Amino acid sequence: MGQFLLGPYLTHPNKNRRGIELINLTLGYERRPAVHHLSGTIAPGAALAVCGPNGAGKSTLLKALAGLLRPIGGRIDYGSPDPRAIAYLPQLIEIDRSFPIDVKDFIALGALRRIGLFGGLTARECDSVEQAIQRVGLSGLEHRPIATLSGGQMQRVLFARLIMQNEPVILLDEPFGAIDEATTEHLLNLIAHWCAEGRIVITVLHDLELARRVFAQTLLLARHCIAWGPTQEVLTKENLQKARAMSEAYDADARECLLDAAGVHDH
Amino acid sequence: MQRAFMITDVFIAPFIEYEFMRRALVGSVALAMSGAPLGVFLILRRMSLAGDALSHAILPGAAVGYLIAGLSLPAMTLGGLIAGLIIAFATGLAARFTTLREDASLAAFYLVSLSLGVTLVSMRGSNIDLLHILFGSVIGLDNPALFMLVGVSTFTLLCLALFYRAFVIDTLDPIFLRQTTRISEMIPFLFLGLVVLNLVAGFHALGTLMAVGLIMLPAAAARLWSFQLMVALPLAAAIGVFSAYAGLVFSNETGAPTGPAIILVAGICYFASLFFGRAGGILRLRRPRSHLEG
């Protein structure tokens, strides 16, 4: 449904990019790994769901992919000259909703990487903002302060900003946390559309049913990779049990991990 | 005609008659115009008390300047500027790289700084001098002080205009700014630097404590009148300018000290806004307007 709503400007031309490669990636805080020795390739065009229990390192992985957390081991190969060409939607809590800004201005922030901190918003960018607002079904609310929006409306606003960002890589952290079915369906359409355009879309999800229904690929994470591949093969009973068995408690006397030194990548 | 004559007598004549009143007006208006918009951003960043803390942090620098060169404006200003920037920078670093948040780091740094300042001042000179530093003397503004105030005000307004978008995004959604731009790390430092600059410029005109008042009170009042930043910022500046003018008039009529008089007027504006402000005042709660259809 998207292509006739979106003008040519906001559709993405970049079909031939390589995927993002994770190379023996270890992430964490204060030497405590939250994600352990993760390797694999994220291909463009296939929606990837990241699932796993609380504390599995899903959000940490997204943060690292967004360039906000430096790996403590291994690396990420973006396969692109510009590693900032990423649109990242963190969990809603991290945005100050009481800030006096209206919907249209907020969505226009998505143009930041194109116009910079000092450039003006061109007429073309203004049209794109208009399109993005229509695309998420918020027409008529352009001049409402974001403080007055409902949770679902705010989530649409954030998706509209992602549309404006128009990046080849899109990272979504629990985007359907507190929103109703209709809005979820609406936003899922958008994700499908992005994938069809050949973008890389990575979504952290709690809802396994949703992952089975909509996402072609799944990474099941429990601090290390339990399984990664086609969703039906990953979200099996055994795998989920394995993920649940992950101990969340952290070991105060944990010794240094010697796997890097020994050259072993799987444990 | 008698009545009209009286009005000009009170509201205009003092500024025509006395040069020091004109200087005081120019100095405090300059400070209000740049300080109040900064205050709006301080409030939005939930750092309303940071201005207060930073003003204390300036004291040891000013005291060192005073110990070296006596009551010399350049020495005390430079000292205050250096001390303030060090504290602002250290706070930013501590917030970025330790588990303590910005407010806790700032509180720790300014307390140490303040006690250091008081110690330094008491080593030489009496409490009268300390009072002079703390409460300033808007009446005694000489040319260098005036040029500095106006210069700082101009520079601050230019920076605010240039980095407006960066300040807005850094306040609204700092993660977004960090993820999309390269210079995001320096924005909080630049902002705190501007606050320090205004405090240092203000400490001679109004004193450190009063300078904070002229930054925060008009800003808090303006926030109660508008949900739009593009309205709140100039409105804050306007309230500040009005307070400066009305405070000087009040002080001239009653003989009250100028600095506190200006802040008291700003305080009255704030209390009035608390009650009548259209964007969050108290009276708005008493009789809700009839709701709209949809």
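The values are calculated or read from the model by the stated rules, or taken from the named source; none is laboratory data. Because the structure is a prediction, the values reported are computed rather than measured. Every residue, glycine among them, receives a Cβ derived from its backbone with ideal geometry; neighbour counts consider all protein chains shown.
Could you list, in sequence order, the residues of segment A:51-67 that are in contact with a Leu (Cβ under 9 Å, 6 or more places away or on another chain) and either within 9 Å of another protein chain (Cβ to nearest Cβ) or closer than 18 Å to A:T41 by Cα (or both)? A:C51, A:G57, A:K58, A:T60, A:L61, A:L62, A:K63, A:A64, A:L65, A:A66, listed by residue number. In contact with a helix residue (DSSP H, G or I) (Cβ under 8 Å, 6 or more places away or on another chain), at pLDDT 90 or above, buried (at least 19 other Cβ atoms within 10 Å of the Cβ) and over 14 Å from A:V50 (Cα atoms) - does that describe any residue in segment A:211-233? No, segment A:211-233 has no match at all.
Of all residues in segment B:61-80, none are at pLDDT 85 or above, crowded, with 21+ Cβ neighbours inside 10 Å, of a type in the set (A, V, I, L, M) and out of contact with any Cys (no Cβ under 8 Å at 6 or more places or on another chain). Residues that are closer than 22 Å to A:L68 by Cα and not in a strand (DSSP E or B) within segment A:178-220 comprise A:R199, A:L205, listed in sequence order.
Counting residues in segment A:40-48 that are surrounded by 18 or more Cβ atoms within 10 Å (Cβ to Cβ) and in contact with a helix residue (DSSP H, G or I) (Cβ under 8 Å, 6 or more places away or on another chain) gives one or more.
May I ask you to verify whether B:G213 is free of Cβ contacts under 8 Å to residues at least 60 places away in the same chain and at positive phi? Quick ask: steps written out before the conclusion?
Values: free of Cβ contacts under 8 Å to residues at least 60 places away in the same chain: yes; at positive phi: no.
So B:G213 fails the test.
Within segment A:141-166, being out of contact with any strand residue (DSSP E or B) (no Cβ under 7 Å at 6 or more places or on another chain) and within 21 Å of A:I200 (Cα to Cα) holds for A:Q155, A:R156, A:V157, A:F159, A:A160, A:R161, A:I163, A:M164, A:N166.
Select from segment A:176-194 the residues that are closer than 23 Å to A:T60 by Cβ and modelled with pLDDT under 90 and list them in ascending order. Result: A:F176, A:G177, A:A178. Applying the condition of being more than 9 Å from chain A (Cβ to nearest Cβ), in contact with a Phe, Trp or Tyr (Cβ under 8 Å, 6 or more places away or on another chain) and not aliphatic (A, V, I, L, M) to segment B:176-192 and asking which residue is farthest from B:A219 (Cα to Cα) yields B:F189.
When restricted to residues that are closer than 16 Å to B:L274 by Cα and away from chain A (no Cβ under 14 Å), segment B:221-239 contains 2. Residues that are buried (at least 21 other Cβ atoms within 10 Å of the Cβ) and of a type in the set (S, T, N, Q) within segment A:186-204 comprise just one, A:T203. Considering only segment A:172-194, I want to know if a residue exists there that is within 12 Å of chain B (Cβ to nearest Cβ), free of Cβ contacts under 8 Å to residues at least 60 places away in the same chain and out of contact with any helix residue (DSSP H, G or I) (no Cβ under 8 Å at 6 or more places or on another chain). No - not one qualifying residue is present in segment A:172-194.
Rundown of residues vs (1) assigned to a helix (DSSP H, G or I); (2) buried (at least 23 other Cβ atoms within 10 Å of the Cβ); (3) in contact with a strand residue (DSSP E or B) (Cβ under 6 Å, 6 or more places away or on another chain); (4) of a type outside the set (G, A, S), yes/no style:
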| site | (1), (2), (3), (4) |
| --- | --- |
| B:A201 | yes, yes, no, no |
| B:L214 | yes, yes, no, yes |
| B:P218 | yes, yes, no, yes |
| B:W225 | no, no, no, yes |
| B:V241 | yes, no, no, yes |
| B:F250 | yes, no, no, yes |
| B:E253 | yes, no, no, yes |
| B:F271 | yes, no, no, yes |
| B:L274 | yes, no, no, yes |
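Against the condition under 17 Å from the mean Cα position of the chain (by Cα), aromatic (F, W, Y), closer than 30 Å to A:A34 by Cα and at the interface with chain B (Cβ under 9 Å from one of its Cβ atoms), how does A:Y78 come out, does it pass?
Values: under 17 Å from the mean Cα position of the chain (by Cα): yes; aromatic (F, W, Y): yes; closer than 30 Å to A:A34 by Cα: yes; at the interface with chain B (Cβ under 9 Å from one of its Cβ atoms): no.
For A:Y78, the condition - under 17 Å from the mean Cα position of the chain (by Cα), aromatic (F, W, Y), closer than 30 Å to A:A34 by Cα and at the interface with chain B (Cβ under 9 Å from one of its Cβ atoms) - is not met.
Being over 23 Å from B:M76 (Cα atoms) and hydrophobic (A, V, I, L, M, F, W, C) is a property that holds for B:A222.
Here B:G51 meets each of (1) more than 14 Å from every other protein chain (Cβ to nearest Cβ); (2) of a type outside the set (D, E); (3) touching a residue at least 40 places away in the same chain (Cβ under 8 Å); (4) surrounded by fewer than 21 Cβ atoms within 10 Å (Cβ to Cβ) with one exception, condition (4). Per the conditions (1) more than 10 Å from chain B (Cβ to nearest Cβ); (2) of a type in the set (D, E); (3) part of a loop (DSSP other than H, G, I, E, B), the sole criterion not satisfied by A:D96 is (1). Among the residues of segment B:164-175, those identified as facing chain A (nearest Cβ under 7 Å) and not aliphatic (A, V, I, L, M) are B:R165, B:T171, B:D173. Within segment A:100-140, restricting attention to residues that are of a type in the set (A, V, I, L, M) and touching a strand residue (DSSP E or B) at 6+ places or on another chain (Cβ under 9 Å), the residue that is farthest from the other protein chains (Cβ to nearest Cβ) is A:V103. For segment A:81-93, the set of residues classified as within 8 Å of chain B (Cβ to nearest Cβ) and buried (at least 16 other Cβ atoms within 10 Å of the Cβ) consists of A:I86, A:Y88, A:P90, listed by residue number.
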